[in-house]
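The values are calculated or read from the model by the stated rules, or taken from the named source; none is laboratory data. Owing to the predicted nature of the structure, the values given are computational and were not obtained by experimental measurement. All Cβ positions, glycine included, derive from the backbone under ideal geometry; neighbour counts span all protein chains shown. Note: areas computed on protein heavy atoms with side chains; ligands, DNA, RNA excluded. Shrake-Rupley method; radii C 1.70, N 1.55, O 1.52, S 1.80 Å.
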Amino acid sequence: MNKHEAPIALSVLHKNTRHDSGPKHVTGTAEYIDDMIEPVGTMHAYLGLSTRAHAEIASIDLAAVKAAPGVIGVLTAEDIPGENDVSPSHKHDEPIFAQGKVHFWGQPMFAVVAETRDAARRAAQLAKVEYRDLPHALDVRAAQAAGGALVTDPLKLERGDLDAGFAAAPRRVKGSIAIGGQDHFYLEGQIAFAVPGEDEDVTVYSSTQHPSEVQLMVAQVLAIRHHAVTVQVRRMGGGFGGKETQGNLFAAVACLAAKKWNRACKIRPDRDDDMQATGKRHDFVVDYDVGYDENGKIHAVDAVYGARAGFSSDLSGPVTDRALFHADNAYWYPAVRVRSEPLYTNTVSNTAFRGFGGPQGMMAAERWIEDIAYALGKDPLEIRKANFYGTHTDNVTPYHQTVEDNVIHRVVEELEASSDYQARRQAIVAFNQTSSVLKKGIALTPVKFGISFTATWYNQAGALVHVYKDGSIHLSHGGTEMGQGLYIKVAQVVADAFGVGLDAVKIMATTTGKVPNTSATAASSGTDLNGMAAWDACEQIKRRLEAHAAKLYEADGVDCQWVQGGMMVGTRFVPFAELCASAYLNRVQLSAAGFYKTPTIHWDRATGRGHPFYYFAYGASVSEVTIDTLTGEYSVDRADILHDVGKSLNPVIDIGQIEGGFIQGMGWLTTEELVWDGKGQLRTHAPSTYKIPLASDIPPVFNVKLAEWSVNREPTIGRSKAVGEPPFMLAMSVVEALGMAVASVADYRYAPQLNTPVTPERVLMGVERIKREARG
Ligand code: MTE
Ligand code: HPA
Ligand code: MOS
């Protein structure tokens with residue numbers, strides 16, 4: 001048992017604790033980058049974007065831009081002292097400013113820098129660009145038809161004998177599912193604010209999930225060393241993966257201008273430009289071939305996962321890898337081959353988004369489960385159960401990691417009972433027999449999500465803890481706060497470690513100057529990694545304080561016992577502040593850097609084998625919907641969720657993540673639709689045309705519960721489990737419920753096969769298709 005798990009009265013760990021910025025969020029006093037007081041002379045940059053999907057730049061005339069009122073100057077590729085690249089991959093394929101060619105509509109070609117943001121924004125429209133058009137491929141099917149060029153190496157996962165699997169399967173289903181993309185729609189858009197310093201120095205305030213990478217990018221672009229660049233992030237107004245790499249370009253532009261003119265510079269695109277010029281969730285088309293038997297048991301799966309990667313690699317390699325890692329969701333495939341295609345397309349380069357390809361992989365799995373159920377005339381839940389991983393056998397994934405912590409049976413069993421699934425399903429089937437226009441559907445879907453970065457070296461973190469003479473504490477770590485509650489959770493860990501109240505812990509903004517070489521706050525692993533690193537720092541200081549106490553009170557051999565608020569030295573209680581003050585006078589170091597790396601994980605991409613995930617998070621949801629078969633309109637009437645977060649560090653924060661994840665997932669799968677026109681321009685680049693869920697879209701009955709009995713079998717911080725991404729995929733039950741309602745128009749004889757997002761139009765088209773099929 002870890003020391004920090006010792007039961008301490010009044011400890012704040014595992015307790016409902018409100019978000020440290022909660023009151024500031026709701027009173028509008030939380031400071032975001034655009035709220036910071038600007039130094040005198042602050043300049044404002046704005047990007048000039050291409051208006052072609054794929055073209056040679058025949059000529060570009062920026063004279064009118066430069067002559068516009070308030071303009072200080074322009075930046076193009078020629079103004080970059082270092083590399084014109086902000087790609088996070090080894091490919092170096094993402095220029096800041098296009099040179100020679102543009103690869104998508106909305107690609108930055110130059111930046112204009114002016115005295116005001118308004119002046120810069122107006123001037124950016126004045127460029128005269130002549131293009132020579134080149135052929136473009138916009139989506140997965142077009143890219144495949146054009147030869148299937150890839151932006152990065154594909155992956156293949158294989159296990160078992162595929163031919164034997166198919167031969168042994170009396171039934172077979174082949175099909176395709178198209179799964180839509182998604183805009184992050186963070187409330188705070190991309191933004192960077194750079195302040196030049198002496199010599200080569202520059203400090204940049206960036207809305208990024210990955211300060212260390214922004215530091216690297218700025219250094220590479222300015223041709224300076226990393227130590228000259230300081231990146232600071234107090235908080236983001238949402239990231240959702242959209243700020244894992246997409247902040248790089250903005251930070252680089254702000255720093256280029258700041259150093260060129262030796263004045264502070266801010267860049268903040270408006271929402272339309274943000275949506276056109278920054279990457280989104282990858283949409284996929286998955287082509288599948290599945291062999292199964294009369295009991296619905298799967299024997300073999302062969303599938304290809306085509307993804308719209310956009311014009312450059314960005315994170316498309318690891319995103320499409322993670323789609324394959326979740327091609328199984330919670331199901332055992334005796335024989336399997338899955339292959340990824342990260343396709344080059346003339347669209348913005350797609351990127352990380354909550355789940356990181358996992359949701360797309362799972363949607364495909366749930367699709368063939370659904371196909372099998374309708375072909376056999378059974379409840380899809382029966383087919384799901386028939387194919388769940390076993391706990392001791394049938395538990396090896398397509399990437400050859402054994403699933404050792406499987407709790408999906410218990411989660412599903414409990415949710416099935418608590419949501420009254422069976423009785424409600426019967427009632428719905430009965431309702432559908434008599435209701436002619438309105439039809440209902442219900443579905444239960446599981447989630448199993450792998451925790452750890454699949455880039456193994458990313459699974460490390462650092463922290464810096466200072467204790468002052470009065471017992472107050474400065475806490476810094478490498479993780480960033482985007483609303484998910486990472487800061488409060490790590491502060492709880494530190495308060496608990498020292499046995500002090502949360503008020504003693506000041507949560508410092510994240511900066512590369514305090515903790516170096518950090519990883520993106522991503523892959524849901526922020527608390528696992530940074531919580532442990534902070535705990536390590538606290539433990540070092542505690543060991544020194546223990547030695548000091550033993551010496552000071554001449555009590556070698558006397559029991560020194562940490563208690564809430566301080567230390568018992570024999571029978572004497574020494575308050576924490578007193579202990580710190582005396583430690584200082586006795587020249588005891590009260591500061592420590594902590595470090596953590598995830599144990600046991602390894603992964604060999606070349607062979608497709610390893611143990612990439614430290615553990616799995618599990619969950620399940622039941623959704624009930626009503627559709628109008630004349631209009632396709634629908635409502636989600638009820639959702640029940642049971643989710644596994646191990647031993648929760650902060651139940652209210654975790655429940656907030658689950659609720660938010662589910663609703664954001666529901667938006668992805670139902671109303672959020674990205675539409676590009678034939679010329680490659682994104683036509684849905686504002687909330688007027690792109691519909692995210694509102695508070696009013698929350699199901700009127702929404703029961704969210706934690707699996708209270710769950711304790712991580714791995715020694716994670718407080719035996720908790722990561723919570724950030726896994727609940728997103730719980731929204732799959734909404735799609736399956738809509739499918740059931742659609743299929744009811746022909747007595748469930750035809751599989752619904754709805755592509756996502758399942759907009760009202762798609763529901764109506766689904767109803768019409770099934771009616772047509774039923775007529776023959
Ligand atoms: N929650 C809020 N409120 N805002 C966010 O931007 N991002 C999600 C998730 N929850 C996000 C969020 C994503 S994509 C990830 S990977 C995790 O939070 C990252 O934080 P964590 O590792 O601390 O959970
Ligand atoms: N998840 C999220 N972000 C990442 C990953 C991952 O597995 N790998 C690199 N960035
Ligand atoms: Mo989350 S997509 O890993 O930032």
Any idea of the accessible area per residue across the chain, 1.4 Å probe, to the nearest Å²?
36 Å²
For the pair Y553 and S696, the simple spin-label estimate (label points 7 Å beyond Cα toward Cβ) gives in nm 6.3 nm
Can you work out the Karplus-derived ³J(HN,Hα) for every residue in the stretch 49-59? Use 6.51 cos²θ - 1.76 cosθ + 1.60 with θ = phi - 60°, whole Hz, and x for glycine or proline.
10, 6, 10, 9, 7, 7, 6, 7, 8, 5, 7
Could you tell me what % of all Cα pairs in the stretch 68-124 have separations over 13 Å?
64 percent
When DSSP beta bridges are limited to those with both residues in the chain, what percentage is antiparallel, rounded to the nearest 5?
80 percent
Do me a favour and compute the ellipsoid semi-axes for the chain from its Cα gyration tensor, root of five times each eigenvalue, largest one first, whole Å.
43, 38, 23
Over the stretch 383-469, how many percent of alpha carbon pairs lie in each 5 Å bin up to the one with the longest distance?
2, 9, 14, 14, 11, 10, 10, 8, 7, 6, 4, 2, 1, 1, 0
Using the Cβ atoms and a cut-off under 15 Å, what net charge is assigned to the surroundings of T518, where Lys and Arg are +1 and Asp and Glu are -1?
-2
What does DSSP give for the stretch 375-506 in terms of the percent of beta bridges that are antiparallel, rounded to the nearest 5?
75 percent
Gap separating the Cα centres of the stretch 586-615 and the stretch 321-362, nearest whole Å:
25 Å
Taking the Kirkwood radius as the inverse of the mean 1/r across Cα pairs, report the Rg/Rh of the stretch 445-590.
1.06
On the formula 1/(1 + (r/R0)^6), with r taken between the Cβ atoms of Y32 and A178 and R0 of 30 Å, the FRET efficiency rounded to 0.05 is 0.25
Please report the net charge: other residues with Cβ closer than 14 Å to the Cβ of D637, K and R +1, D and E -1.
-1
Distance in Å, no decimals, from the C-alpha centre of the stretch 528-562 to the one of the stretch 173-245 is 37 Å
Accessible carbon and sulfur surface of the chain relative to its total accessible area, %, 1.4 Å
52 percent
Distance in nm between label sites at A581 and E130, each 7 Å beyond Cα in the beta-carbon direction?
7.9 nm
Mean Cβ neighbour count within 10 Å, used as a protection proxy, ranking 498-507, 322-331 highest first:
322-331, 498-507
Could you work out how far the C-alpha centroid of the stretch 705-776 sits from that of the stretch 669-692, in angstrom?
22 Å
When you have a sec, figure out the Kirkwood radius of the stretch 632-776 from all distinct Cα pair distances and drop it here in Å to one decimal?
17.2 Å
With the crude spin-label approximation of a point 7 Å out along Cα→Cβ, what separation in nm comes out for T689 versus K24?
3.7 nm
Within the chain, which DSSP H helices have Cα atoms that stretch 30 Å or more along the helix axis and a mean Kyte-Doolittle hydropathy of at least -1.0?
526-552
Compute the length gained on full extension between K15 and K91: take 0.36 nm times their separation in residues and subtract their Cα-Cα distance, giving the result in nm to one decimal.
22.9 nm
Sum of side-chain charges, A577 neighbourhood, beta-carbon under 14 Å (Lys, Arg +1; Asp, Glu -1):
-2
How long is the gain from V675 to D153 if the chain were fully straight, where each residue apart is worth 0.36 nm and the alpha carbon distance is subtracted?
185.2 nm
Applying a 10 Å radius around every beta-carbon, put 628-636, 199-207 in order of their mean neighbour count, most first.
199-207, 628-636
Mind ranking 72-78, 724-730, 519-525 by how tightly packed they are, going by the mean number of other C-beta atoms within 10 angstrom, highest first?
724-730, 519-525, 72-78
